[in-house]
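Visitor: The structure's right below; bear with me while I get my questions together.
No lab work stands behind these numbers, since they all come straight from the coordinates. Nothing here was measured: the structure is a model prediction, and the numbers come from that model. Cβ sites come from the backbone with ideal geometry, for glycine too, and all protein chains shown count toward neighbours.
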């Protein structure tokens, strides 16, 4: 008889904490365990993160170091071997080391752009959808202007004027991708602001800031997460494209730089498939992972898809 009240005291706070979490966030957290697409996408991203964090241990050779054979010659265009798993480039650099260390550059660009896109898109969508009127019209016209710009040419021109730096590529991607998430989040907020719990918050005297970020924002955070995942793929593709076209930073190691070096040195004609196929596969995997996550989380926003 003594243990029952203590158990009730322990269980009640836990139940209260679970009830305090919005249902949409609970479904978002559980989705990877229920949907194979979302699980596969998150698993691919997790794999690349592990590789990026352990790049120095997985590939201790400097990716830009020019290697030499025992005879003192440049170890150029060597095939796959135990010492060089993917062979070497025409300048005698380890392809495997470039592939592994290129993961860091790709994730740095992808994650930075994703955070900026998700943050700016979420805030703009919240403000535009909640306040409406002139605020909504001005923000959406700015979004329309950004969407009207050609994506890759804009990034190339910006890097040409401001310099071939990774931060410039991130800024360019963020400037053009935030309107997509902002417009979708705005449409969601237009519906949420009319819900009963938002009206109840207004009646109790809650401020606009509290209503936006406490009552409405948790319900659209999964949508921000989806667009952030998609932005990672777009940012990495853009960085690879800019580097492949020769507008990137020549001192950085990236998958796009590997493809550009392989193309200019005519690696395909020599049958050096291990030079350009692995970075291409990595880029494809990152893009596919973003699609898998967005596909898996569709039912969080469209419950009618559940059970199909």
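Visitor: What Kirkwood hydrodynamic radius do you get for the stretch 152-286 when you take the inverse of the mean 1/r over all pairs of distinct Cα atoms, in Å?
Guide: Averaging 1/r across every pair of different Cα atoms and inverting gives 17.7 Å.
Visitor: Tilt of helix 166-192 relative to the longest C-alpha principal axis of the chain, in degrees (0 to 90, nearest 10)?
Guide: Helix 166-192 and the main axis of the chain meet at about 20 degrees.
Visitor: On C-alpha positions alone, give me the angle between the axis of helix 217-244 and the longest principal axis of the chain, in degrees, nearest 10.
Guide: Around 20 degrees separate the two axes.
Visitor: So how tilted is helix 133-148 from the main axis of the chain? Cα-based, degrees 0 to 90, rounded to 10.
Guide: That works out to roughly 20 degrees.
Visitor: Could you work out [θ]222 nm for the chain from helices alone, using -39500 (n - 2.57) per DSSP H run of at least four and dividing by all its residues? Round to the nearest 500 deg cm²/dmol.
Guide: Value at 222 nm, helices only: -23500 deg cm²/dmol.
Visitor: Convert 37 °C to kelvin, take the viscosity as 0.692 mPa s, use the Kirkwood radius over C-alpha pairs of the chain as Rh, and evaluate the Stokes-Einstein diffusion coefficient in µm²/s, rounded to a whole number.
Guide: 148
Visitor: Apply 1/(1 + (r/R0)^6) to the Cβ-Cβ distance of residue 151 and residue 61, taking R0 = 41 Å, and write down the FRET efficiency to the nearest 0.05.
Guide: Efficiency computed from Cβ-Cβ geometry: 0.70.
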